[in-house]
Structures are given as structure tokens and as C-alpha cells.
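Just below is one structure, and these are the notes that go with it.
None of the figures in this text is laboratory data; all of them are computed from the coordinates on show. Computed from a predicted model, the values in this text were never measured in an experiment. All Cβ positions, glycine included, derive from the backbone under ideal geometry; neighbour counts span all protein chains shown.
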Ligand SMILES: Nc1ncnc2c1ncn2[C@@H]1O[C@H](COP(=O)(O)OP(=O)(O)O)[C@@H](O)[C@H]1O
Ligand SMILES: [Mg+2]
């Protein structure tokens, strides 16, 4: 437990002594808020629950930006050789994996918390259902955590950050596109019912949208957490295979 | 106390370390000699628990690195060959992180960091970022990390590599001084270091021990009484190695 905190602290120091974390948080805030007022037509639609105008854009941003935060987690250690230090320290590999993952997740939590002006705005302009906004934010954050876990798994496979970025963005983009409504509707026209169901269950939208609508479904939580834990176990397996 | 028992490692069909056995007792400094590619680093990586042996075992202070890795790793200070460091930290920040990993807290942590900085002559760069250090300082920072928790066993992979003659001299003196109470295993291909700091030396070639004894004993084995000649008689040329 204590070691998780030690690792987490070190990762945070390295995120915030370099410009990476600041740049990504800033880009996220700028784009998500700009989209909210332009394409999201937040004011015109009177979308007080932020469902379509604001949260809708998050998966699209995460699929590009979450891998940028996670790509250095293991690639950098392998390239610098510091993996050899970690591997010979008397700490369980699991503490290292969790510490690193939680650090990246914390960077995104900070980014999401910094969007608070929009919540103040909707509460000032209208009468939103704040429980539903919270549920939407939860969906948004869990989606981001899924993408981070995937990136972490990819970064354990390669010592090259650029390769890790490209591969993770590709996987996350597929997950966003494969459940996207326009695409699913097209498939449904051809009566591929089985495929429609499978892709809907696999993609992020079904699970993300139910949370932004304020529904708390058991199956969505299973989806989010099973992907996260599978990726963390995969990371552990790959790292121990590399040492054999 | 290091006890290495029939340690073997092969990468595919190629044996990097082949059935190696030796012990290092407290108060002993064992020089680990051999040409490039002889398997020195691989042996050290197995003793420190970074890579798992194909067969055989290594015991550190009685704890098997395979069955009780955390107890064994606790007793070891390790300087990897490339002296890997976290480039985004300062020297003090890095050492404090390592102290946390070693479960040092409060006053003990503060004293350990100060002692390591003094021992390795790092006070002039203590608050400098690691990526701005010259090679000699990087090497000494990594050495400081190995000495931090005052371990009973020191494993140093080419500790004088890349240092200037003054620094080389300092490190040899340091090894000799620490060797009075600790078990030290250090690798080198500089034969002068055997006379300067070892109580005993083994020569390895292609993963096997080809000579073992005190520096005087080894010199007697050579027809001309020089370590250089013995080394050249017993070990294969890099080029012969490649064609074999
Ligand atoms: N991860 C690895 N995969 C394949 N071969 C390796 C690996 N690590 C080391 N080797 C091989 O094992 C041999 C011993 O390497 P090493 O222990 O680094 O030698 P030394 O430190 O004595 O110069 C070399 O021939 C090297 O190519
Ligand atoms: Mg080596």
C-alpha cells in the first residue's frame, strides 16, 4: 500500500515537472469548452444537463488525448533502463503497476475537475439535475480510465513512446467508432442483428450514454471495470514475461 | 553473503550463463572479470532478481531470490551497467524516492540521503536536475542509490566505467573501504582494478568460470606472472566468439 503511494508520487512529479500534463489538460479544457458553445450549441438547445452539448464530445477527445498521458508509463522505463531499478527494488510489481495507473488517472481527474465553471454556469442559467450531471461526469471519467488502461497495456509492449501512442489511439478510436450510432444504424439496415448487438456492447457509447442519461446499470460497470482490470493484469503478465 | 548455485540462463538456444557457482562472504570483494558478452551482467541481473534464471538459484543472506525475492532484494544495493536514472528528477528528489522505496522515513531517511550524497561527492549537484548531469555524476548518483540503505550486499556492474581517472580512484577506494564489512561483487574488464580493490577474482568466459583465486594465485597461474596474459590465454576473442 505504502509503495503504491511512493510510485504514484514519483509519477506525478514527473508529469508536473514537464509540460506534458499541463499541455494536455489545457488542450482538453479549451476544446471541450469551445465545442460546448459552438457545435454543441449549448445556449440554443438549453441543454442544462450537459448531456449532448458537453459530455458528448469527451470520448472523442479522450481517444486522442488519453494515450498521450499514458504512453510514457512503461515505454519510458524500458527505454531509460529504469525498469531494471524498479525490478530490483523490494516492492511488489503490482504496487508499481497500480501506482503508475493511478497517477495517470489522477491527471485526468484534475482535468475533469477543472471543467467546474461549466457546472456553475448551468446552475446559474437554468435548473439542471445535478445528480444526472454527476452521473454523466462519472461516465466520462470511466471512459477515460478505460482508454488509459489500454494505453498502459500497449506501453508495456514497446519501448517506443510514438509506437505506443499510435497503437493506443488506433485501438481507442476503434472502440469509439464501433458503437457509434450512425455506424450502428447503417449496419442495422442490413439486418446484421448479431453484429449490431456485439458492436454496441463492445463500443463505448452504449455504456457511456446510459450514464449521461442518468441511468446506473450494472452491466455498464462490469464493462468499464472488466476492461480496466484485464488491461492491468495483461500489463503485469507482459512485464513478467519480459523478465523470464 | 551471496551464494550462487548452478545459475544458468539461456536466451533461446544460446547460453549466456552456464552453470555458474560461487560464494562471496562478508568482508570479501569479488572481482568478476571477463570479456564483453561473457555473461557478467546477466549473472548480476539474476542475483538481483531482475531476470529469472533458467535454472539454479542465488541466495542473498540466506534468502533465495526465487522463493523470497523481497527479503533478498532488501539486502542488496545494485548499480546496473547503464546507471539508469529518472531524468525528470533532481538528485535529491531521486534519492528521496529511493529512500521511500527502501522504507526509510523521517530522520533515518534524511540522514541516509545526506550520507549517500557525501559518500559519492554529490553535494555540488544535489539540487540539479538529473538530465543536466555529466556522465560521471550520473554514475555516482546511481551508486548513491545503491548505498542508501546501507545494504549487506553490494552488486556493482562496471562501477568505474566512464569515469575520469580521479573518479576511478575514488570509487576503487570506496569499494575497498566498504568491502571491509560487506559482501561485494563487482564486474570489470579493467585488470588493474583487481589489484586495487579485490580480495578475490573470478574470470568468466562464455558463461563459465575459467579461473578463480586471489590476485596472487591468479598471477601464479599465468606463465608470465601477469594478469593480462592469463586473461588472454583463458578467454576467447570477441571475433572468435562470433564465429563459434
Ligand atoms: N535479453 C537478451 N536477449 C538475448 N540475448 C541476450 C540478452 N541479454 C544478454 N544477452 C546475451 O547474453 C550474452 C551475455 O551478455 P552480458 O551478460 O551482457 O555480458 P557482459 O556483461 O559480460 O558483457 C551476450 O552474448 C548477450 O548478447
Ligand atoms: Mg555487462
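For the reader, a short list of remarks on this structure follows.
- For the segment A:15-24, counting C-beta atoms of other chains within 10 Å of every residue's C-beta and taking the mean gives 1.
- Taking all Cα pairs closer than 8 Å and separated by 6 or more residues, the relative contact order of segment A:2-243 comes to 27 percent.
- The C-alpha atoms of chain B define a longest principal axis, and helix B:165-178 lies at about 90 degrees to it.
- If you wrap the protein assembly as shown in the convex hull of its Cα atoms and look at it from every side, the mean projected area works out to 28.3 nm².
- Sorting A:88, B:105, B:236, B:90 by the number of Cβ atoms found within 10 Å of their own Cβ, with the fewest placed first, yields B:105, B:236, B:90, A:88.
- Residue of B:15, B:137, B:86 that the Gaussian network model of chain B assigns the largest fluctuation, springs spanning Cα pairs under 10 Å: B:86
- Debye-sum result for segment B:1-101 in log10 I(q)/I(0), which assumes one identical scatterer on each alpha carbon, at q = 0.21 Å⁻¹: -1.14
- Over segment B:82-150: Kirkwood hydrodynamic radius from C-alpha pairwise inverse distances, Å: 11.6
- Inverse mean reciprocal Cα-Cα distance (Kirkwood Rh) of segment A:27-74, Å: 11.5
- Residue-averaged 222 nm ellipticity for chain B, from DSSP H runs of 4+ at -39500 (n - 2.57), nearest 500: -11000 deg cm²/dmol
- On Cα atoms only, tilt of B:106-119 relative to the major axis of chain B in degrees: 50
- Label sites at residue A:222 and residue B:228, each approximated as a point 7 angstrom past Cα along Cα to Cβ, lie 7.4 nm apart.
- Calculated SAXS-style log₁₀ I(q)/I(0) at q = 0.11, 0.14 Å⁻¹ - segment A:2-243, Debye, Cα scatterers: -0.61, -0.94
- Each peptide in B:117-125, A:185-193, B:147-155, A:2-10 was scored by the mean count of other Cβ atoms within 10 Å over its residues; highest first, the order is B:147-155, A:2-10, B:117-125, A:185-193.
- In chain A, the calculated helix contribution to ellipticity at 222 nm averages -26000 deg cm²/dmol per residue, counting -39,500 (n - 2.57) for every DSSP H run with n ≥ 4.
- Remark on segment A:121-244: hydrodynamic radius 16.3 angstrom, per the Kirkwood mean of 1/r across alpha carbon pairs.
- For B:182, B:59, the sequence from fewest to most other C-beta atoms within 10 Å is B:59, B:182.
- Computed over segment B:36-90, the Cα gyration tensor eigenvalues convert (square root of 5λ each) into semi-axes of 22, 16, 8 Å, ordered from largest to smallest.
- Inter-chain neighbour count for A:87-95: the average number of beta-carbon atoms from partner chains within 10 Å of each residue's beta-carbon is 6.
- Diffusion coefficient, µm² s⁻¹, Stokes-Einstein with Kirkwood Rh over alpha-carbon pairs of segment B:92-230 at 10 °C and 1.306 mPa s: 96
- The shape of segment A:178-244 can be summarised by an equivalent ellipsoid whose semi-axes, obtained from the alpha carbon gyration tensor, come to 30, 17, 8 Å from longest to shortest.
- Working value for segment A:1-90: equivalent-ellipsoid semi-axes of 37, 13, 11 Å, each the square root of 5 times a Cα gyration tensor eigenvalue, largest first.
- If you take the alpha carbon atoms of chain B and fit the smallest convex hull around them, that volume is 129 Å³ per residue.
- Within 10 Å of the Cβ of each residue in B:80-89, the mean number of Cβ atoms contributed by other protein chains is 6.
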